[in-house]
Amino acid sequence: MEKRRLGTQGLEVSALGLGCMGLSFAYGTAMDKQQAIKIVREAYEQGITFFDTAEAYGIANEELVGEALSPFRKEVTIATKFGFKDGNALNGQDSRPENIRAVAEESLRRLKTDVIDLFYQHRVDPNIPIEDVAGTVKDLIQEGKVKYFGLSEAGVESIRKAHLVQPVTALQSEYSIWWREPELEILPALEELGIGFVPFSPLGRGFLTGAITENTSFESTDFRNNLPRFSEDNRKANQKLIDLLSVIASQKNATPAQIALGWLLAQKPWIAPIPGTTKSHRLTENIGGASIHLSADDVRKIDDAFSQTTIQGDRYPAHLQKAVGK
Ligand SMILES: NC(=O)c1ccc[n+]([C@@H]2O[C@H](COP(=O)([O-])OP(=O)(O)OC[C@H]3O[C@@H](n4cnc5c(N)ncnc54)[C@H](OP(=O)(O)O)[C@@H]3O)[C@@H](O)[C@H]2O)c1
């Protein structure tokens, strides 16, 4: 698979990474650990060298990622994240320097490694100056415990302030055909500063693949039950998008998921999306998205088609929206 550079500090990753969250967290019942390890290893065997986890995805998530990747640890980039109270996103932020340090130690242990390649702040903490967060990660880098610094869903002002203290290698925020807000201020700032971008939920949490319809019922523990965009009415209204995507996909002899990923890769050469899946055949399908080379004309046609329809439903409920873009 093609490699991409994120930031200007030397990080190079596969153009598509693997988002590991859904293997054991957020989207219903966790996978059996051995099955999850198998998926992670299949991703590596098919060319993925960039793996995404977080303290907030639960102990099991980092542990399975660490175990899966241990045979080829030196060949891969492992990204994880700190910054919630007791590692629980429902408890609010905690980026006190002592917590960042404690999470780093715990993550190193769970990931069975002596260095975290990319350490993101999961959400900006309104109570801790971003300079102190950047300074703490800078110290961890100097101590050899972390290689690169990242932020997630941070606003431009925080990115600029952090970058002055410790260069930011990558920003990870939601970005996809149906969530384009980063185009307004974030992408121009990243381009100016030489920071890479890692779009999360690049498949719209599954919706952009066409596999989710108004008739889909999610398990009671599935996080998508909380998202306005996934209400039954909004899924029904947004189905038009999938119809458009399916037409474009068939013209390109590809699937909607592959077009959604190819569209992201075509935006900038310093973008590396991290789709997630629990299924081998979908993993292979998604990896095929890295070979979809869309021209500027293709991208324009997709944008034109999408601009004819309004996407219904907020991506987050109000209490979660409050924590983003700070
Ligand atoms: N920084 C943050 O705050 C943040 C927030 C959310 C996510 N993330 C990261 O981003 C990663 C990816 O995001 P995500 O998992 O939310 O969303 P995503 O990658 O957009 O979509 C994942 C969903 O799509 C389904 N899917 C995947 N490939 C498919 C295909 N080819 N056909 C049909 N369905 C398919 C998966 O179901 P199956 O498992 O059934 O295939 C899963 O439910 C996460 O794993 C996590 O590492 C970060």
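Things worth noting here:
- Crossing angle, helix 256-267 versus the chain [Cα axis fit, 0-90 degrees, rounded to tens]: 60
- Whole-percent carbon and sulfur share, accessible surface of the chain, 1.4 Å: 49
- For the pair segment 280-326 and segment 1-51, the centres of their Cα atoms are 19 angstrom apart.
- Calculated accessible area for the chain comes out at 42 Å² per residue, all protein chains present (probe 1.4 Å; ligands, DNA, RNA ignored).
- Computed label-point distance, nm, for sites Asp233 and Glu214 using a 7 Å Cα→Cβ extension: 1.2
- Set of segment 193-228 residues, backbone N closer than 11 Å to the point 7 Å along the Cα-Cβ line of Lys279: 210-212
- Full-stretch length increase - Glu131, Glu2 - with 0.36 nm per residue and alpha-carbon distance subtracted: 43.0 nm
- Extension gain for the segment Ala102 to Asp32, taken as residue separation times 0.36 nm less the Cα-Cα distance, is 22.4 nm to one decimal.
- Share, in percent, of DSSP beta bridges within the chain that are antiparallel, nearest 5: 25
- Table column - 3J(HN,Hα) (Hz), segment 79-95, Karplus curve with 6.51, -1.76, 1.60, x for Gly and Pro: 10, 9, 9, 10, x, 10, 4, 6, x, 10, 4, 6, 8, x, 7, 8, 10
- Nitroxide proxy distance, nm - points 7 Å out along Cα→Cβ at Gln321 and Ala60: 3.2
- Checking the cross-link pairs Lys38/Lys112; Lys279/Lys301; Lys81/Lys161; Lys252/Lys322; Lys145/Lys326 against a 29 Å limit on the alpha carbon distance flags Lys279/Lys301; Lys252/Lys322 as lying beyond it.
- Cα-based helix-to-principal-axis angle, 59-69 vs the chain, degrees rounded to 10: 90
- Remark: the Arg180-Asn253 segment gains 23.8 nm on full extension, using 0.36 nm per residue and subtracting the alpha carbon distance.
- Model label zone, Gln312; criterion: amide N under 15 Å from point 7 Å along Cα-to-beta-carbon; scope segment 209-240: 213-216, 228-240
- Its Cα gyration tensor gives the chain an equivalent ellipsoid; the semi-axes, largest first and in whole Å, are 29, 21, 20.
- Rounded Å value of the spacing that divides the Cα centres of segment 226-265 and segment 89-115: 35
- Estimated FRET transfer efficiency (Asp304, Glu42; beta-carbon r; R0 41 Å; 0.05): 0.65
The values are calculated or read from the model by the stated rules, or taken from the named source; none is laboratory data. Source: prediction; values computed, not measured. Heads up, the Cβs are rebuilt from the backbone with ideal geometry, glycines too, and the neighbour counts pull from every protein chain shown. With ligands, DNA and RNA removed, areas are computed over all heavy atoms of the protein, side chains included. Shrake-Rupley method; radii C 1.70, N 1.55, O 1.52, S 1.80 Å.
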